[in-house]
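Input: a single structure, listed below in structure tokens.
The values are calculated or read from the model by the stated rules, or taken from the named source; none is laboratory data. Since the structure is predicted, the reported quantities are computational estimates derived from the model, not experimental observations. Heads up, the Cβs are rebuilt from the backbone with ideal geometry, glycines too, and the neighbour counts pull from every protein chain shown. Ligands, DNA and RNA are stripped out before the accessible areas are found, and what is left, the full protein with its side chains, is counted by its heavy atoms. Shrake-Rupley method; radii C 1.70, N 1.55, O 1.52, S 1.80 Å.
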Amino acid sequence: MMQYLIILLDDTSTSYCHYDNDRRESKLIPIDVLKLGIRYAMTENLMIQFVYPDYDLPLEYKEVIETIDHSNIISSLCEDKSLVDEADVVIFHDWIGLDYFTFEVDKAYVLRTTKADLFDRYLSLKCALAKVARLNVVITDVDSFSEADFETYKKVLQSLSGHIEKMYVEGKSPQLNLLTDRMMLEEMNNCGAGDTNITLAPNGKFYVCAAFYYENEADSVGDLENGLDIKNKQLYKLEYAPICRHCDAYHCKRCVWLNRKLTLEVNTPSYEQCVMAHIERNASRELLNNIRKYGTFLPEQEDIKEIDYLDPFDKRDEW
């Protein structure tokens, strides 16, 4: 069931997930399309998330945006600092920004990073976690992970886990998606593109997510005039994902864009995505067990069971 409408306000709107947006030529959504998008959300009872470009929007646009409840997704580099202050989600594309940015405890922050930068600079996350309530790390080159990278990733998460464990023992409760999300989930909580959320692009057309728009504008799934037209829409639902519906890496983004890019099927994740999610899952299991050594913690949550695989495809015969 659709719950969210994500509206890209410009062709240069900041990326907030795995995909890159290399467009540099501004193409602001026409004001009438923006109004129709808001009307569509109201008609369909959808919550709106606006994704902003880095430049200051015209006053007319700001006034239209304020006519409805919404969330703002904005880059830390946005020229309009008042918008950054009002953002619900702030996106970092550069690790350097973490060093001098003025964080607020009531906001969510997203760091988009390559694996190389993560492996080199992950210690900086320890400082950031002391300043924020929630930090999401999104790795932008998942498809390039090698077996050696998986081993390095395990060590990075182990180091961060020890730091987070110490913070919890001190009475703090930082959230880092790679480690703490799985501890608190009892069912899948994935991206939901094409199922619980849809994206409206500046051209007035719908896309499964922003990544599909930036990859190929012809890959739309309807428009404001005729509504949604998602072919084989059941494939975006968990129950039609033969591997994922049996999996307990509940925090995995299950990115349908990466799925299609790497396996040619929107409901089938790649080896890389699965292994990374299970490395995170196992690190979360260890973190949960370690925190519980100090006393009662998340008593309503069941233990995360030990498993003997990293790729659930290896268990396909059992399932």
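From the list Tyr271, Tyr240, Tyr294, the lone residue that is surrounded by fewer than 20 Cβ atoms within 10 Å (Cβ to Cβ) and either under 24 Å from Glu147 (Cα atoms) or acidic (Asp, Glu) (or both) is Tyr271. Taking the listed residues Ser76, Ser161, the one that is touching a residue at least 60 places away in the same chain (Cβ under 8 Å), surrounded by 18 or more Cβ atoms within 10 Å (Cβ to Cβ) and among the hydroxyl-bearing types (Ser, Thr, Tyr) is Ser161, with no other qualifying. Residues in the range 190-230 that are under 17 Å from Leu258 (Cβ atoms) and in a loop (DSSP other than H, G, I, E, B): Asn190, Cys191, Gly192, Gly194, Asp195, Val208, Cys209, Asn216, Asp219.
For the criterion of being more than 30 Å from Pro30 (Cβ to Cβ) and either without any contact (Cβ under 8 Å) to a residue 60 or more places away in the chain or open to solvent by 60 Å² or more (accessible area, probe 1.4 Å) (or both), Asn136 passes.
Can you work out which of the residues in the range 88-121 that are open to solvent by less than 40 Å² (accessible area, probe 1.4 Å) and free of Cβ contacts under 8 Å to residues at least 24 places away in the same chain is farthest from Ala133 (Cα to Cα)? Result: Gly97.
Counting the residues of the range 140-182 that are at pLDDT 95 or above, within 21 Å of the chain's Cα centre (by Cα) and more than 16 Å from Thr114 (Cβ to Cβ) gives 12. Just one residue in the set Ile68, Ile38, Ile91 is hydrophobic (A, V, I, L, M, F, W, C), over 25 Å from Arg254 (Cα atoms) and touching a Ser or Thr at 6+ places or on another chain (Cβ under 7 Å); that residue is Ile38. Tell me whether the range 242-255 contains one or more residues that are touching a Leu at 6+ places or on another chain (Cβ under 9 Å), modelled with pLDDT of 95 or more, part of a loop (DSSP other than H, G, I, E, B) and closer than 20 Å to Lys155 by Cβ. For the range 242-255, residues touching a Leu at 6+ places or on another chain (Cβ under 9 Å), modelled with pLDDT of 95 or more, part of a loop (DSSP other than H, G, I, E, B) and closer than 20 Å to Lys155 by Cβ: present. Going through (1) open to solvent by 30 Å² or more (accessible area, probe 1.4 Å); (2) at pLDDT below 95 one by one, Lys205 falls short only on (2).
Mind counting the residues in the range 1-55 that are open to solvent by less than 40 Å² (accessible area, probe 1.4 Å) and polar (S, T, N, Q)? Residues flagged as open to solvent by less than 40 Å² (accessible area, probe 1.4 Å) and polar (S, T, N, Q) within the range 1-55 amount to 5. Do we find that Cys127 is modelled with pLDDT under 95 and part of a helix (DSSP H, G or I) in this structure? Yes: the conditions hold for Cys127. Every condition in (1) over 20 Å from Gln175 (Cβ atoms); (2) part of a loop (DSSP other than H, G, I, E, B); (3) open to solvent by 10 Å² or more (accessible area, probe 1.4 Å) holds for Lys261 except the one numbered (2).
Within the range 307-319, being touching a helix residue (DSSP H, G or I) at 6+ places or on another chain (Cβ under 7 Å) and outside any helix (DSSP H, G or I) holds for Tyr309, Leu310, Asp311, Trp319. Does Asn289 fit the bill of being in contact with a helix residue (DSSP H, G or I) (Cβ under 9 Å, 6 or more places away or on another chain), of a type in the set (S, T, N, Q) and assigned to a helix (DSSP H, G or I)? No; evaluated as a whole, the condition is false for this residue.
Would you be able to say whether some residue in the range 218-233 is farther than 22 Å from Arg112 by Cα, of a type in the set (Asp, Glu) and under 18 Å from the mean Cα position of the chain (by Cα)? Among the residues of the range 218-233, not one is farther than 22 Å from Arg112 by Cα, of a type in the set (Asp, Glu) and under 18 Å from the mean Cα position of the chain (by Cα), which makes the answer no.
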